[in-house]
Structure formats: C-alpha cells, structure tokens
Amino acid sequence: MASEYHSSGEYIKHHLQNLTYGQHADGTWGIASGAEEAAAMGFWAINVDSMLFSIGLGVLFLFLFRMAAKKATTGVPAGLQNFVEWVIEFIDSTVRGSFSHRNAMVAPLALTVFMWVFLMNMMDLIPVDWLPYAASMAGVPYLKVVPSTDPNVTFGMSLSIFFLVLYYSVKMKGAGGFFSELAFQPFPKFLFPVNLLLEGVGLIAKPISLALRLFGNMYAGEMIFILIALMYGGGWILAAFGGVLQWAWAVFHILIITLQAFIFMTLTIVYLDMAHAEHH
C-alpha cells in the first residue's frame with residue numbers, strides 16, 4: 001500500500017490521520033480531508049474511527065464475558081471459561097493487593113479497565129495496511145484502528161477515573177477533609193498556599209500522566225509498525241527484512257500492550273485507594 005503514495009511522509013500522514021467528522025469552514029458538516037482541516041474543525045469534531053472501535057471493543061468484551069458466564073460449568077474449566085476465570089482471579093488478586101478498603105465497585109471497574117484497554121491496544125497487532133486499505137476500497141478516506149493511539153480516548157478514560165477519585169475523596173472524607181488534605185500537607189498550616197499549589201499540581205497530574213503514558217507508548221508502537229511497513233516498497237530484500245522485523249516487533253509488542261493495560265488498571269486502583277484513605 002505504501003507504493004501508492006508519492007512519498008513516505010504522505011504515507012505516514014495518511015496512516016496517522018483519524019476519520020474526523022465536524023464542521024467545515026463554510027459551515028457545512030462532513031469528513032475532514034486532512035489533518036489541517038480536522039484541527040480547524042475545533043472542539044466539537046469527533047474522531048469517528050476511534051469512537052466506533054472503542055465502543056465496538058467494549059461491546060465485544062461484554063459479549064465474551066457474558067457468554068462465558070452463561071455457559072459456565074462446574075469442574076475443570078476449558079476454553080473461554082478458563083480464560084475468563086483466569087483473568088478474573090488475576091484482577092481479584094491485584095485489587096486485594098493494592099486496595100485496602102471496602103468498595104464493591106473497584107474490582108469490576110479494574111476488570112473493565114484492564115480488558116477494555118487491552119483489547120484497544122491489541123488492535124495494534126493487525127497489519128497497518130489491512131483495515132485502512134479495505135476502508136479505502138469502500139470509499140472511506142482515513143481509518144485509524146487503534147483507539148488508544150488517540151489522546152481523546154486516553155484522556156476520556158483518565159478523566160473518568162479522575163472524577164471517580166474526586167467523588168470518593170469527598171464522599172469518604174467530606175468536602176472539608178478533602179480540602180484540608182490538599183491545603184495542610186505536607187508543610188505546616190500557615191503555608192497552606194504552598195501546600196495547595198503542590199497538592200493541586202499533584203492531583204491534576206494524575207489524569208494527565210495516566211492518559212499520556214498510554215497514548216505515548218501505543219503511538220510509538222504504531223509508528224514503528226508504519227515505518228516497518230514502508231520497507232515493503234523497497235524491493236524484495238528490504239521487504240523480507242521488514243517481514244522479519246514486523247514479526248519480531250509484534251511479538252515484543254504483545255508484552256507492551258499487556259503491560260500498558262496492567263499499568264492503567266493498577267494506577268486506577270491505587271488512585272482510588274488513596275481517595276479512600278484518611279491522611280493524618
């Protein structure tokens with residue numbers, strides 16, 4: 001597919017462009033024709049591909065786990081039931097080790113976060129040209145298939161976690177307790193402006209670091225796959241070498257996509273544990 005473009009830069013730009021729907025400069029609504037037009041559409045533009053793939057993968061997660069629950073049997077599990085039980089036991093042990101309070105919502109949330117991020121990350125293992133080429137044949141100009149390489153998706157998830165942290169911080173400690181935690185630590189109370197600045201920055205940094213960590217790692221992985229794909233247009237020797245590199249990077253990338261899902265889930269648990277904890 002890379003040979004269809006005039007330059008490597010054009011190929012890379014195409015594969016990094018989301019299918020963006022928004023308002024054009026003339027007031028009409030439609031699909032952006034490039035990155036510049038997508039940026040000009042402003043806040044209310046929507047990356048259609050990111051939304052479709054993230055929602056679709058969330059539905060897939062619910063469908064698979066519901067199917068496994070409905071077909072669960074006693075005795076030694078096998079197949080999908082074995083995988084689902086292993087994942088649930090893994091999440092349960094992680095929550096027990098990281099969350100020291102009582103909240104029936106945390107374990108299901110951790111399971112949802114881990115599986116959803118893992119499935120979104122796993123889309124990066126699909127060869128970079130397959131789905132965009134199929135979409136172009138159907139008349140769709142752009143298609144990015146890895147939702148976690150879209151900062152809108154990663155920030156959307158991290159901000160949801162952040163709002164839960166704020167909610168439980170106020171619920172467990174009261175508004176006054178939460179404010180005193182921000183204003184009167186770690187320095188003496190008369191330095192509350194300094195405390196408030198330091199703790200406020202630390203609080204805001206949580207969702208930002210959570211989102212950027214996932215986005216940055218997955219974006220870098222996607223970029224490497226795109227650069228490897230360019231080698232297929234450089235003759236059969238370079239193409240053969242690219243095939244070896246693609247296989248090797250895909251094998252290594254399995255560790256990355258799993259690790260990033262685990263880190264996102266673990267930090268979610270830790271942040272909620274901190275929101276439940278009383279500081280003295």
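Only the coordinates and a few stated rules stand behind these numbers; no lab work does. Computed from a prediction, not measured in an experiment: that's the story for all the values here. Methodologically, a virtual Cβ is constructed for each residue, glycine included, from the backbone with ideal geometry; neighbour enumeration extends over all protein chains shown.
Assorted remarks:
- Here the Gaussian network model covers the chain, with springs between Cα atoms less than 10 Å apart; of 210, 125, 227, 227 fluctuates the most.
- Selected from 160, 183, 138, residue furthest toward positive end of dipole (the stretch 135-209; charges at beta carbon): 183
- Given the chain, longest segment not containing exposed loop trypsin sites (Lys or Arg not before Pro) (DSSP; at most 16 other Cβ within 10 Å): 103-280
- Fewest-first ordering of 148, 98 by other beta carbons within 10 Å of each residue's beta carbon gives 98, 148.
- Here, the chain is characterised by an Rg to Rh ratio of 1.04, where Rg is the alpha-carbon radius of gyration and Rh the Kirkwood radius.
- Gyration tensor verdict on the stretch 158-209 (Cα atoms; rounded if a/c is under 1.5, prolate if a/b is larger than b/c, oblate otherwise): oblate
- D (Stokes-Einstein, µm²/s), Kirkwood Cα radius, the stretch 23-168, 0.692 mPa s at 37 °C: 181 µm²/s
- Partner lysines whose Cα lies under 16 Å from the Cα of residue 144, excluding those fewer than 8 positions away in the same chain, are identified as 13.
- Exposed loop sites here are chymotrypsin sites (Phe, Trp or Tyr not before Pro) assigned a DSSP state other than H, G, I, E or B and surrounded by at most 12 other beta carbons within 10 Å; excluding them, the longest clear run of the chain is 45-280.
- The mean sequence distance of close C-alpha pairs (under 8 Å, at least 6 residues apart), as a share of the length of the stretch 9-139, puts its relative contact order at 19 percent.
- In the chain, the longest principal axis of the Cα atoms and the axis of helix 106-122 are about 20 degrees apart.
- When you restrict to C-alpha pairs under 8 Å that are six or more residues apart and normalise by the size of the chain, the relative contact order lands at 24 percent.
- About the centre of its Cα atoms, the chain shows a dipole size close to 860 debye [charges on the beta carbon of Lys, Arg (+1) and Asp, Glu (-1) only; nearest 20 debye].
- Other residues within the sphere of radius under 15 Å centred on the Cβ of residue 31, judged by their own Cβ, net out at -3 (K and R +1, D and E -1).
- The stretch 136-280: relative contact order as a whole-number percent, Cα under 8 Å and 6+ apart: 31 percent
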